Amino acid sequence: MEIAALASFLAPLLPSLLHAGQSTLDDVVSRVGAEAVKHAEGLWARLWPKIQEKPAAEEAARDVADRPQDARAQGALELQLEKLLASDTGLAADVERLWEDAKAAGVVAVGERSVAVGGDVSGTIVTGDGSSVER
């Protein structure tokens, strides 16, 4: 299970998933796409009840919701997810299946320099070190 990738995938969506409101959700859909939100909601629906049972995990999730770009907060969530999944094989299997579904749908980019696009893209995407683009 790519727990770091899972935490990174959920991070920008946690403010909406934890503080759900239709206008917030609409904003997220416009940024990442409806398919990504659908998969995030499925993953979160499975994870959230178990996260709530563990105060450290809930605190980590709320910290990421408050500061989705904070690498330290994401790291704490990653660690809590790792512990949670290691202690519950049924949860781990369900999350793995949901994660594989998200990857198969193309809403998750996994691996160094991966790019996932939740809508139309035009132009050039450069992910290499020291790369330059000439037009």
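Observations, loosely collected:
- Qualifying residue in the stretch 30-42 (condition: modelled with pLDDT of 85 or more and either surrounded by fewer than 21 Cβ atoms within 10 Å (Cβ to Cβ) or touching a Cys at 6+ places or on another chain (Cβ under 7 Å) (or both)): yes
- Test: ALA86 is surrounded by fewer than 20 Cβ atoms within 10 Å (Cβ to Cβ) and out of contact with any helix residue (DSSP H, G or I) (no Cβ under 9 Å at 6 or more places or on another chain): no
- In the stretch 87-111, the qualifying residues are those that are closer than 26 Å to ASP66 by Cβ and out of contact with any Lys or Arg (no Cβ under 7 Å at 6 or more places or on another chain), and the one that is modelled with the highest pLDDT is SER87.
- Looking only at residues in the stretch 36-74 that are of a type in the set (Asp, Glu) and in a helix (DSSP H, G or I), the one that is farthest from ILE3 (Cα to Cα) is ASP66.
The values are calculated or read from the model by the stated rules, or taken from the named source; none is laboratory data. Please read these numbers as outputs of a predicted model, since none were measured by experiment. Positions of Cβ are backbone-derived with ideal geometry, glycine not excepted, and every protein chain shown enters the neighbour counts.
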